[in-house]
1. Looking at the range B:106-115, can you tell me whether even one residue there is under 22 Å from B:GLY67 (Cα atoms), at the interface with chain A (Cβ under 10 Å from one of its Cβ atoms) and part of a loop (DSSP other than H, G, I, E, B)?
2. Just to be sure before I move on: is A:ILE201 within 16 Å of the chain's Cα centre (by Cα) and either within 12 Å of chain B (Cβ to nearest Cβ) or more than 30 Å from B:SER41 (Cβ to Cβ) (or both) in the structure I sent?
3. Which one is nearest to A:ALA174 (Cα to Cα) among residues in the range A:109-130 that are at the interface with another protein chain (Cβ under 8 Å from one of its Cβ atoms) and in contact with a Ser or Thr (Cβ under 7 Å, 6 or more places away or on another chain)?
4. Across the range B:139-162, which residue is farthest from B:LEU184 (Cα to Cα) among those that are of a type outside the set (Asp, Glu) and surrounded by fewer than 16 Cβ atoms within 10 Å (Cβ to Cβ)?
5. With the condition kept exactly as written, say whether any residue in the range B:88-105 is under 30 Å from A:HIS236 (Cα atoms) and either part of a loop (DSSP other than H, G, I, E, B) or in contact with a Cys (Cβ under 6 Å, 6 or more places away or on another chain) (or both).
6. Six or more apart or on different chains, Cβ atoms under 8 Å: show the pairs whose first residue is in the range A:115-126 and closer than 17 Å to A:MET99 by Cβ and whose second is polar (S, T, N, Q) and at pLDDT below 95.
7. Out of everything in the range A:82-101 that is touching a strand residue (DSSP E or B) at 6+ places or on another chain (Cβ under 9 Å), outside any loop (DSSP other than H, G, I, E, B) and crowded, with 22+ Cβ neighbours inside 10 Å, what residue ends up being farthest from the other protein chains (Cβ to nearest Cβ)?
8. Counting just the residues of the range A:20-49 that are in a loop (DSSP other than H, G, I, E, B) and among the hydrophobic types (A, V, I, L, M, F, W, C), which one comes out farthest from A:PRO207 (Cα to Cα)?
Amino acid sequence: MSSNAIFALPLVLALGGTASAESYQAPEDVLQGIIDEVDSDYLTQSEQNLMMMSDNPAYWTAEEGEQLFREKRGPRNASLESCDFGKGPGVLDGAYAEMPRYFDDTGKVMDLETRLVHCMMTVQGFAADDPVVTKRHGSSSDMMRLQTYIASKSSGYKWNPPLDHPLEKAMRDAGEVMFYRRAANLDFSCNTCHGETGKRIRASVLPNMNVPEEWTKAVSWPAYRVGNQEVRSSQHRLRGCYWQMRQGQIVAGSDASIALTSFWTDAARGQPAILPDMKR
Amino acid sequence: MSDYKIPVVAGLATAVVATLVLVGGESAVAESGADTVEYTSMSPEALAEYLIFDARGFDLDQEIQEGGTVRQRLVQDELQKTCSALRGARAEGDTASRVIAKAREAIIYPEGGIKLGDWKKGEALARSGFGFRVGHNIDDHSDREPGGNCYACHQLDPDEIAYGTLGPSLTAYGKTRGTGEAMLKYTYEVIYSPHSYFPCTKMPRFGANGFLTQEQIADIMAYVMHPESPVNQ
């Protein structure tokens with residue numbers, strides 16, 4: 001054998017053993033990996049952000065979420081460990097990267113937030129108007145703690161929301177229409193800001209939905225928003241976008257909101273998730 | 001905090017739907033109000049409209065600053081429908097001509113002719129992103145006027161580094177073009193109804209949509225055109 005082949009053999013054996021299994025990768029490493037592969041003004045716009053990611057305050061939020069996840073709570077005194085997020089009860093590794101998805105038990109396509117609400121009510125017995133269920137925003141909310149923990153178990157996994165069920169496809173396609181839907185007195189659609197590479201709104205470089213390497217960061221929520229000093233959810237981001245577009249408030253957990261998140265997750269398909277992320 | 005209001009609505013809706021579906025044992029069907037609707041048999045366009053207007057997707061009844069409700073903001077006009085269908089592609093041929101013609105029809109010129117206003121007021125308007133936002137945080141127009149938010153998309157004053165690039169740079173706009181009648185007319189028309197020149201442009205129809213008044217447009221024109229404005233130094 002030549003000396004090249006001798007070095008190549010162990011590498012081939014190692015790769016063969018791990019090629020098919022996805023596993024956790026810390027968000028800062030995921031992001032650095034993508035930055036090393038592509039040229040993107042969006043991904044590299046804040047050196048300070050990347051430097052701070054290993055100390056992301058969202059890690060504490062995730063730890064608090066893990067405690068809440070395992071705790072027996074609510075009128076039914078049950079933990080969320082029996083909640084099915086699409087890969088079986090209590091299976092969290094890679095589950096968030098495969099959401100939104102159709103659930104047989106509800107007959108609906110659900111994102112993480114609506115699925116959590118469902119389990120908090122049906123498994124733990126919380127009422128729909130209990131603050132534990134209704135308070136959706138802020139690092140100190142149960143919702144953000146739980147979402148941050150559950151999502152963190154998908155960091156490094158490729159976005160892969162299923163489209164096998166007709167309802168999954170229908171929702172994703174309606175979300176695509178919504179993405180391009182110009183409306184209200186500024187004539188904006190999501191595409192106005194997210195259809196081109198390297199464009200800025202004021203000083204912020206915008207992610208292009210058509211570039212999955214950029215879009216994976218764009219849809220990596222929950223993320224700690226430095227300017228807000230809170231961990232924010234996808235629904236919070238949606239709310240903010242519709243607010244700035246002057247189009248009125250999208251209802252959190254509505255099928256409209258899930259259609260759009262189905263589309264935007266599909267647009268990041270194949271790229272690894274960065275969870276929890278850190279943003280401006 | 002107002003974020004309790006909408007999540008409760010959503011939570012109740014989810015609870016109601018979840019209960020109905022579990023008891024009924026149905027699948028692939030969403031229920032809204034008294035009707036059962038098959039999402040999978042609708043076109044994506046029809047489903048999107050349904051989700052927005054008929055499936056509690058938005059807080060449609062919230063009041064908006066110009067009078068009326070959010071529902072009006074979400075109903076598309078012909079220009080918005082035409083441009084949305086392009087999904088980011090350029091408007092060309094007949095589509096472009098039609099959009100340009102319709103956009104021109106919407107232009108209302110100021111009585112007494114087009115004149116430059118006050119560039120200092122124009123600067124404040126160009127910098128301000130305030131106005132017309134609703135939802136969880138409603139912009140109150142009673143003691144603060146809406147701005148044009150020009151810096152969101154454009155470079156203007158060369159000393160201002162926080163500028164957007166969604167639109168072309170307007171630095172030295174007046175210096176390079178002068179303030180002749182034709183240029184005044186063109187500039188007014190672009191701000192009022194930009195599709196008159198750039199069919200399906202990203203830029204809002206500030207005049208035609210009632211976002212800025214004619215006086216505000218005159219002030220912004222002065223900011224970009226007046227020889228003493230920072231934009232032209």
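1. no
2. No.
3. Ranking the candidates gives A:THR114 first.
4. Ranking the candidates gives B:SER142 first.
5. yes
6. Correct list of pairs: A:VAL117/B:THR14; A:HIS118/B:THR14.
7. Ranking the qualifying residues of the range A:82-101, first place goes to A:ALA97.
8. Among those residues, the one meeting the criterion is A:ALA21.
The values are calculated or read from the model by the stated rules, or taken from the named source; none is laboratory data. Computed from a prediction, not measured in an experiment: that's the story for all the values here. Heads up, the Cβs are rebuilt from the backbone with ideal geometry, glycines too, and the neighbour counts pull from every protein chain shown.
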